[in-house]
Every structure is written in C-alpha cells, then in structure tokens.
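These notes are about the structure you will find just below.
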Amino acid sequence: MKAFSATQNSFNNPFMPLRHRNFRYYWLGMCVSLIGNWMQSVAQPWLAYSLTNSALLLGLVGAMQYMPALFLSLFAGVAVDRWPTKRLIYLTQAASGLIVISLALLVYSGQVRYWHILVLAGLLGLVNTLDMPARQAFVIQLVGKDDLMNAIALNSVAFNTARVIGPAIAGMLMAYYGVAICFLINGISFAAVLVSLFFVVPLPIQIATGARERVWEEIKAGLNYVHSHRSILETIVLVAIMGIFALNNNVLLPVFNQEVLHQGERSLGFLFSFSGAGSLLGALTIASLSRTGPRRGVLNLVPVLIGVLLVMNSFTTSFWMTGLYLAATGFFFNLFSSTANTSVQISIPDHMRGRVMSLYTLVFVGTTPLGNLYAGWSDEFWGPQWGFAACGSMVLVLMGLFYLLQAIERRRGQR
C-alpha cells in the first residue's frame with residue numbers, strides 16, 4: 001500500500017485528477033448521465049407510491065432494484081477481474097439505457113402497472129450489479145494510485161452535484177409534464193458515458209497469470225483476503241451498517257413528504273436536492289483534504305452522527321428543518337463513503353481489486369433491499385413519521401455493538 005506522506009499539504013486542488021485525459025473524458029460523461037439517474041430516483045418512487053399508496057410496496061421496489069447485488073455481486077467481481085473493464089462498462093451502460101427507455105414508453109402509453117416497475121427495477125439492478133464494481137475498479141485505471149483518493153472524491157462531487165440538480169429538475173418536470181419525461185431523459189443520458197468511453201485509453205493493470213481457478217475458488221480467495229486484513233474487514237462491516245440503514249431516502253422521503261409534510265412533487269424533488277447539496281459539500285471537503293490520506297476516525301465516528309441525525313429528522317414537521325437534517329446527513333455520509341472507498345482501494349493489489357470491490361458493493365448496495373424493506377415496514381407499522389427514527393436507532397445500536405467488539409479484540413491482543 002502506498003503511504004500518504006505527512007509532509008504533503010493538507011489542502012490541494014480538488015480538481016487535480018482532471019489533468020488526466022482519460023479521467024477528464026470519463027468524468028464529464030458521468031456528470032451528464034448522473035443527472036438523468038437522479039431524475040429517475042425521484043420519479044420512480046413517486047410513480048410506485050402513486051400507483052399503490054403503500055409504503056411497504058414502495059420499499060419492495062427499492063428492494064427489487066438492489067436484490068441482484070445481494071446475491072450476485074461476488075460473481076460480478078470475478079468477471080471484473082477477468083474481463084476488460086472498459087468493455088464491461090460499455091455493455092452495462094447501454095443495457096441500462098434500454099431498460100429505462102422501456103419504462104418511459106410504458107408510462108407515456110398509459111399502460112404502466114406496478115408490476116412493470118417491479119420487473120424493470122429488478123432488471124436494472126441486475127445490470128448495475130456488474131456495473132458498480134466495474135466502475136469502482138475503473139477509476140485507478142484512469143489516474144493511477146497517486147491521485148486515487150482525489151479521483152474518488154471528485155467522482156463523488158459529480159455524483160452529488162447531480163443529486164442537487166437532478167431531483168430539483170425532476171420535481172418541476174413532474175409537476176408540469178408528468179413522470180415519463182424523467183425516465184426518457186435518463187435513458188438518453190446514458191449516451192454521454194458511451195461517447196466518453198470511446199476516447200478513454202485505460203492504464204495497464206496487473207492481471208493474475210497462469211491457469212484460472214474455478215469461480216468459487218476465486219470468490220473464496222477474495223473473501224479470505226478481506227478476512228486476513230483487519231482494517232479492510234472492519235471497514236466492510238461499517239459499510240454494511242451504513243448500506244442497510246442509512247440509504248433509505250428512496251423509501252422514506254416520498255411517504256414523509258406526502259404524509260407528514262403534506263407536500264407534492266416539487267417539494268419531494270427539493271428534499272432530495274437538500275440531501276445532494278450536503279453530500280456535495282462533503283465531497284468537496286474530502287477532495288480538498290485527499291492528500292492527507294483516509295482517516296480512521298471518520299469511519300469510526302461519523303456513522304454515530306448520521307444515526308443521531310436520522311432520529312432527529314423524525315421529530316420535525318417543518319419542510320426547512322427536514323431539508324437541513326437531510327443536508328447534514330448527506331454531508332457526513334459522503335465523508336464516510338469516500339473515506340471507506342479509498343481506504344479499501346489503496347490496500348488491495350490490482351489482481352484482487354474486482355473481487356474485493358464486489359464485496360464492497362455487496363455490503364454497500366446489495367444489502368439495501370434489507371434496509372428498504374425495513375424502512376417500508378417501519379413506515380407501515382409505526383407510521384410515516386417514525387421511519388427515519390427506526391433506521392437511525394439501528395445505526396446507533398449496531399455501532400455500539402461494533403465498539404464493544406473492538407474493545408474485546410483489543411483486550412485479547414494485549415494478553
């Protein structure tokens with residue numbers, strides 16, 4: 001692992017990775033596509049809830065979209081280690097565009113039903129299961145290790161800028177033109193990534209030589225690698241906690257917006273944008289501090305702050321206070337996720353990267369169905385105001401357990 005020098009400046013230009021031609025083209029294409037993705041992230045749950053008026057069925061849509069990652073992420077990691085990453089991203093981005101345009105056509109025709117959303121969400125989740133670890137592993141092929149943390153943070157800047165712009169646009173378009181236009185724009189936006197990839201020539205990476213093992217053996221090797229490196233294992237555990245219980249806005253916000261705040265489509269879009277604005281600030285903060293390297297304290301303490309903010313959000317009926325809590329949660333969540341991603345990536349060899357990052361994807365995104373179902377059930381059973389508190393409480397309880405286990409391990413090590 002390349003150590004970050006203590007003599008380096010604490011602050012740096014957050015846009016430094018853009019000096020790499022490959023990263024510049026890829027990043028610009030992703031900026032366009034991500035705005036479309038976030039437009040859909042508002043339109044899809046709104047459509048599902050308007051068709052069913054059920055928080056539990058809304059949670060099921062989210063669960064269906066992330067369910068493939070729960071079962072197939074580890075296999076996807078083997079594929080990423082075996083096949084050219086750029087070619088995989090071409091395939092996944094084209095397939096995603098076709099799926100989204102299909103949903104747009106169903107809505108425009110007036111024939112869309114709840115089960116259509118469910119099936120297409122599952123198909124999109126299947127494609128994303130391969131796409132996510134491929135894109136995670138692709139970054140180092142664009143900038144190398146020296147600028148990796150900065151590039152991850154800058155990717156997060158693009159992601160969260162889109163979180164501000166996309167939902168706000170979606171909310172206004174939905175209010176005036178309906179939800180179909182959001183799906184159509186998202187489908188077309190995938191073309192930006194496909195065009196940008198045409199100009200990218202990835203850096204060479206280390207590939208394992210010799211006879212390939214069976215898929216199960218390769219998966220086992222990746223799991224054993226994580227298990228044998230304590231810092232990576234602890235990071236993966238923390239990512240799992242956050243992935244399950246802190247990533248449920250797609251289920252909680254549509255219900256909270258309508259049933260507690262008594263607002264419509266435009267309000268929902270702006271609430272998602274508040275969350276994105278906080279995350280964007282967090283991404284810029286990490287990008288500016290990236291030369292100091294990932295900090296363990298961020299991983300250990302920030303989840304507690306997020307848990308507290310989620311609980312506090314349940315006790316407000318004000319649109320502006322809800323927005324403030326969402327922005328603060330987004331800020332701290334981005335500090336956590338960028339730090340976790342970098343701390344894992346700089347610790348693994350190239351030939352193991354796809355498998356380890358597929359495990360990262362599994363616990364960060366693949367566990368989201370569990371959180372979505374838990375959030376939907378909490379809203380359904382306890383009422384729409386208590387969904388955020390239910391998720392935040394679980395974060396706090398599990399972090400307490402994590403600290404306890406850490407203390408026990410330290411005592412064992414001292415004997």
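Regarding segment 50-72, can at least one residue be identified that is among the aromatic types (Phe, Trp, Tyr), surrounded by 17 or more Cβ atoms within 10 Å (Cβ to Cβ) and modelled with pLDDT under 85? Within segment 50-72, one or more residues are among the aromatic types (Phe, Trp, Tyr), surrounded by 17 or more Cβ atoms within 10 Å (Cβ to Cβ) and modelled with pLDDT under 85.
Within segment 18-62, the set of residues being touching a residue at least 60 places away in the same chain (Cβ under 8 Å) and either polar (S, T, N, Q) or not in a helix (DSSP H, G or I) (or both) comprises His20, Asn22, Ser33, Asn37, Gln40, Ser41, Gln44, Thr52, Ser54. Counting only residues that are touching a Phe, Trp or Tyr at 6+ places or on another chain (Cβ under 8 Å) and crowded, with 24+ Cβ neighbours inside 10 Å, how many does segment 372-393 have? Total meeting the criteria: 6.
Using the structure shown, decide if Ala43 is in contact with a Cys (Cβ under 6 Å, 6 or more places away or on another chain) and buried (at least 21 other Cβ atoms within 10 Å of the Cβ). Yes, satisfied. Among the residues of segment 245-269, the one identified as of a type in the set (Val, Ile, Thr) and within 17 Å of the chain's Cα centre (by Cα) is Val251.
Just to verify a result, which residue in segment 332-358, among those that are of a type in the set (Gly, Ala, Ser) and assigned to a helix (DSSP H, G or I), is surrounded by the most Cβ atoms within 10 Å (Cβ to Cβ)? Only one residue fits best here, namely Ser358.
Checked against (1) under 17 Å from the mean Cα position of the chain (by Cα); (2) in a loop (DSSP other than H, G, I, E, B), Ser73 meets all criteria but (2). Can you confirm whether Ile185 is among the hydrophobic types (A, V, I, L, M, F, W, C), touching a Gly at 6+ places or on another chain (Cβ under 9 Å) and at pLDDT 85 or above? Yes; evaluated as a whole, the condition is true for this residue.
Checked against the criterion of being among the hydrophobic types (A, V, I, L, M, F, W, C), closer than 25 Å to Ser50 by Cβ, surrounded by fewer than 16 Cβ atoms within 10 Å (Cβ to Cβ) and out of contact with any Pro (no Cβ under 8 Å at 6 or more places or on another chain), segment 118-127 contains one or more residues that satisfy it. Scanning segment 143-155 turns up one or more residues that are among the small types (Gly, Ala, Ser), buried (at least 23 other Cβ atoms within 10 Å of the Cβ) and under 14 Å from the mean Cα position of the chain (by Cα).
Test Gln111 against the criterion of being modelled with pLDDT of 85 or more, of a type outside the set (A, V, I, L, M, F, W, C) and either surrounded by fewer than 22 Cβ atoms within 10 Å (Cβ to Cβ) or part of a helix (DSSP H, G or I) (or both), and give yes or no. Taking the combined requirement at face value, the residue satisfies it.
The values are calculated or read from the model by the stated rules, or taken from the named source; none is laboratory data. Worth saying up front: this structure is predicted, and the values here are computed from it rather than measured. Here Cβ is always computed from backbone atoms with ideal geometry, including for glycine, and neighbour counts include all displayed protein chains.
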